[in-house]
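I have placed the structure first, in the form of structure tokens, so that the comments after it can refer back to it.
The values are calculated or read from the model by the stated rules, or taken from the named source; none is laboratory data. Small disclaimer: the values here were computed from a predicted structure and weren't measured. Quick reminder, even Gly has a Cβ in these numbers, built from the backbone with ideal geometry, and neighbours come from all protein chains shown.
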Protein chains: 2
Amino acid sequence: MTSLLNQLIRVVKKPQGIPTADTFKIEQETLSPLAAGQLLIKNEWLSVEPAMRGWLADAQNYASVPVGEVMRALCVGRVLQSRHPDYQEGELLLGWFGWQHYAQCDPDAVVQRITSSTLSPSLYLGVLGLNGVTAATALEQLGQPKPGDTVVVSTAAGSVGSCVGQLAKAIGCRTVGLTSSAAKVKACYDTFGYDAVINYKTDDLHSALSQACPEGVNVYFDNTSGAISDAVMQHLAIGARVVICGTASIPQWNPTPMGPRVERILLTRRARMQGFIIFDHMDTYADYVHQLEQAVLNGQLRYTEHITDGLESALNAISELYQGENLGKRLIRL
Amino acid sequence: MTSLLNQLIRVVKKPQGIPTADTFKIEQETLSPLAAGQLLIKNEWLSVEPAMRGWLADAQNYASVPVGEVMRALCVGRVLQSRHPDYQEGELLLGWFGWQHYAQCDPDAVVQRITSSTLSPSLYLGVLGLNGVTAATALEQLGQPKPGDTVVVSTAAGSVGSCVGQLAKAIGCRTVGLTSSAAKVKACYDTFGYDAVINYKTDDLHSALSQACPEGVNVYFDNTSGAISDAVMQHLAIGARVVICGTASIPQWNPTPMGPRVERILLTRRARMQGFIIFDHMDTYADYVHQLEQAVLNGQLRYTEHITDGLESALNAISELYQGENLGKRLIRL
């Protein structure tokens with residue numbers, strides 16, 4: 001076991017804007033013997049997140065990955081060797097194991113055990129993972145939707161957005177999705193059950209929003225920022241809640257880009273804008289996973305996965321996300 | 001009583017930007033006999049508010065005053081004649097009596113009775129009125145300051161800001177005021193007890209904020225918007241609350257002016273921005289007035305008033321407010 005050869009993706013520079021393949025380098029490394037208290041994990045699934053752009057950016061961020069480190073990522077992997085009494089060989093775990101074949105880590109890298117025998121382990125990186133829990137937590141705690149509310153979601157077919165739309169629909173909201181292609185519009189209607197869907201690349205955004213949201217927007221779940229959000233802000237209802245969950249449409253925040261000021265809208269509509277990061281809410285993570293598992297098992301919560309094979313397919317996966325080329329949760333299978 | 005001659009200020013046009021004297025016209029009108037159920041009020045004090053610009057603007061607002069009407073204003077006046085059983089002649093009332101000598105109105109124009117014999121009735125238009133209650137309600141409900149928090153206030157010497165600063169100080173916050181002249185800096189220190197005061201016209205805002213808020217800004221009580229707020233936003237602490245109470249520094253909102261986008265700051269700092277309008281909180285108005293009366297009587301809450309005499313002195317009073325020429329709550333005495 002001591003002469004295992006690991007293959008890993010290292011961060012070799014800070015990207016300008018969207019990270020591309022040259023942000024990373026694939027390397028091989030012989031693993032050293034496992035230290036006491038540690039686990040040796042064999043990764044099976046690696047996650048790709050839009051948030052990775054922020055983790056890699058030079059600008060101040062909530063979870064920065066320094067140059068020289070293995071790319072930070074949530075993964076599903078199996079315990080190959082354990083030198084910690086709480087973990088047994090063969091257990092399947094969700095954790096911060098990074099973009100690599102093998103991880104040697106402390107137990108604090110583990111987020112949860114995966115014990116379901118009926119659900120694919122890959123779901124714990126998407127609809128039952130960071131994406132689904134982000135959607136559920138942010139919608140409930142910041143969005144505070146009530147039955148009858150109109151809930152608008154940007155990146156409506158994405159792994160967070162699609163979950164937000166379905167959860168809002170399940171509590172009796174009118175759901176309106178914003179997305180970027182005919183295929184995604186179809187997925188929003190057919191798979192995720194939105195009441196109305198707007199293709200922001202082809203539709204006139206203002207008239208489409210007026211038509212889709214005749215009573216105004218009570219909750220705007222924002223994954224994009226930029227021109228899409230500027231349009232939605234004009235349609236906020238009195239007392240609206242805007243959840244800032246991502247800023248996917250803005251390639252660079254240094255220097256800060258300009259946009260229409262929001263202060264007067266927030267004032268006259270008595271509206272609220274609030275940023276959300278799931279890492280502040282890990283104490284309720286397991287509870288939300290449990291709720292989401294039930295919803296998936298009952299067929300109330302649907303998902304799509306976009307899977308590619310092999311570590312090297314991760315190199316361009318972040319930039320492909322930002323080009324909107326994925327349909328569903330982006331995953332790497334090893 | 002039926003041949004009383006009223007003098008009143010009528011709105012004759014929608015102003016472009018800040019309302020000036022030509023927005024209004026002084027007229028004389030003989031009062032008609034009082035209708036059943038109505039009150040005849042003789043105004044003693046008229047209020048001048050920064051919010052009046054918004055009430056007069058063409059753009060969508062929460063309390064628009066149409067052309068042709070008497071200028072909407074809170075006033076303190078005495079009941080000269082009552083044809084309603086709940087009100088007696090001689091009572092002193094706070095209400096929406098308008099910029100005029102006499103008001104004939106229904107009881108729903110009345111906000112409260114003024115019964116204190118020790119406090120000047122004028123205070124019910126300022127520190128014990130819309131300004132003080134706005135400060136107290138918005139600070140407590142939206143700002144949610146905790147002891148030890150750093151609370152930054154724009155228009156720190158103004159009738160709302162000065163009250164916010166003192167209330168925050170009273171619960172153990174570090175208070176930092178932003179203001180525009182040496183006289184106001186002095187008032188912020190000497191009268192309102194701020195821990196630090198920044199003159200945004202002469203100080204370097206970023207370095208002054210860094211020095212005054214070494215732990216970042218937990219609550220920003222914003223009455224200005226614009227460049228001052230853009231600077232404060234850069235200094236928000238994790239979990240900060242931004243209360244949008246006014247937008248005094250922006251002369252025109254149509255078309256919407258551009259500014260640095262706030263989404264990334266709100267996201268990375270998990271911060272909240274929320275608009276506040278006191279008219280949503282009239283159910284707790286009387287409770288806050290009572291708290292504020294106690295604080296004034298105990299000497300814990302200080303105030304300044306800027307009084308001019310005669311109805312005609314109201315004509316330029318709004319524009320003078322926006323030029324920062326007032327020191328304290330702006331009032332017209334009749």
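Restricted to the stretch A:248-281, and to residues that are without any contact (Cβ under 8 Å) to a residue 24 or more places away in the chain and assigned to a helix (DSSP H, G or I), which residue is surrounded by the fewest Cβ atoms within 10 Å (Cβ to Cβ)? This residue is A:280. Could you check, for the stretch A:108-119, whether at least one of its residues is free of Cβ contacts under 8 Å to residues at least 40 places away in the same chain, among the aliphatic types (A, V, I, L, M) and either part of a loop (DSSP other than H, G, I, E, B) or surrounded by fewer than 16 Cβ atoms within 10 Å (Cβ to Cβ) (or both)? Within the stretch A:108-119 (the criterion being free of Cβ contacts under 8 Å to residues at least 40 places away in the same chain, among the aliphatic types (A, V, I, L, M) and either part of a loop (DSSP other than H, G, I, E, B) or surrounded by fewer than 16 Cβ atoms within 10 Å (Cβ to Cβ) (or both)), the answer is yes, since at least one residue qualifies. Once the stretch A:1-32 is narrowed to residues that are hydroxyl-bearing (Ser, Thr, Tyr) and in contact with a helix residue (DSSP H, G or I) (Cβ under 9 Å, 6 or more places away or on another chain), the residue that is farthest from residue A:250 (Cα to Cα) is A:23. When you look at residue B:57, is it surrounded by fewer than 16 Cβ atoms within 10 Å (Cβ to Cβ) and in contact (Cβ under 8 Å) with a residue 40 or more places away in the chain, yes or no? No; evaluated as a whole, the condition is false for this residue.
Within the stretch A:189-212, the only residue that satisfies the criterion of being closer than 15 Å to residue A:173 by Cβ and in a helix (DSSP H, G or I) is A:212.
Conditions tested, residue by residue: (1) within 14 Å of chain A (Cβ to nearest Cβ); (2) surrounded by fewer than 16 Cβ atoms within 10 Å (Cβ to Cβ); (3) of a type outside the set (Gly, Ala, Ser).
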| residue | (1), (2), (3) |
| --- | --- |
| B:12 | no, yes, yes |
| B:46 | no, no, yes |
| B:51 | yes, no, no |
| B:65 | no, no, yes |
| B:70 | no, no, yes |
| B:79 | no, no, yes |
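For the stretch A:180-204: of the residues being at pLDDT 95 or above and in contact with a Phe, Trp or Tyr (Cβ under 7 Å, 6 or more places away or on another chain), which is surrounded by the fewest Cβ atoms within 10 Å (Cβ to Cβ)? It comes out as A:197.
Filtered by the rule that a residue be within 8 Å of another protein chain (Cβ to nearest Cβ) and under 22 Å from residue B:128 (Cβ atoms), the stretch B:262-313 gives B:276, B:277, B:280.
Within the stretch B:156-206, the residues that satisfy the criterion of being under 14 Å from residue B:228 (Cα atoms) and either touching a Gly at 6+ places or on another chain (Cβ under 6 Å) or touching a residue at least 60 places away in the same chain (Cβ under 8 Å) (or both) are B:156, B:177, B:180, B:197. May I ask you to verify whether residue A:146 is in a loop (DSSP other than H, G, I, E, B), modelled with pLDDT of 95 or more and closer than 22 Å to residue A:244 by Cα? Answer is yes for this residue. Across the stretch B:283-333, the qualifying residues are those that are in contact with a His (Cβ under 6 Å, 6 or more places away or on another chain) and part of a loop (DSSP other than H, G, I, E, B), and the one among them that is surrounded by the fewest Cβ atoms within 10 Å (Cβ to Cβ) is B:327. Counting only residues that are over 26 Å from residue A:24 (Cα atoms) and among the hydroxyl-bearing types (Ser, Thr, Tyr), the stretch A:89-129 holds 5 of them. Here the condition is being crowded, with 19+ Cβ neighbours inside 10 Å, within 18 Å of residue B:144 (Cβ to Cβ) and away from chain A (no Cβ under 12 Å); of B:217, B:243, it holds for B:217 alone.
For (1) out of contact with any Phe, Trp or Tyr (no Cβ under 7 Å at 6 or more places or on another chain); (2) among the small types (Gly, Ala, Ser); (3) modelled with pLDDT of 95 or more; (4) over 20 Å from residue B:281 (Cα atoms), each residue gets a yes or a no:
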residue	(1), (2), (3), (4)
B:18	no, no, no, yes
B:42	no, no, yes, yes
B:61	no, no, no, no
B:89	yes, no, yes, yes
B:95	yes, yes, yes, no
B:107	no, no, yes, no
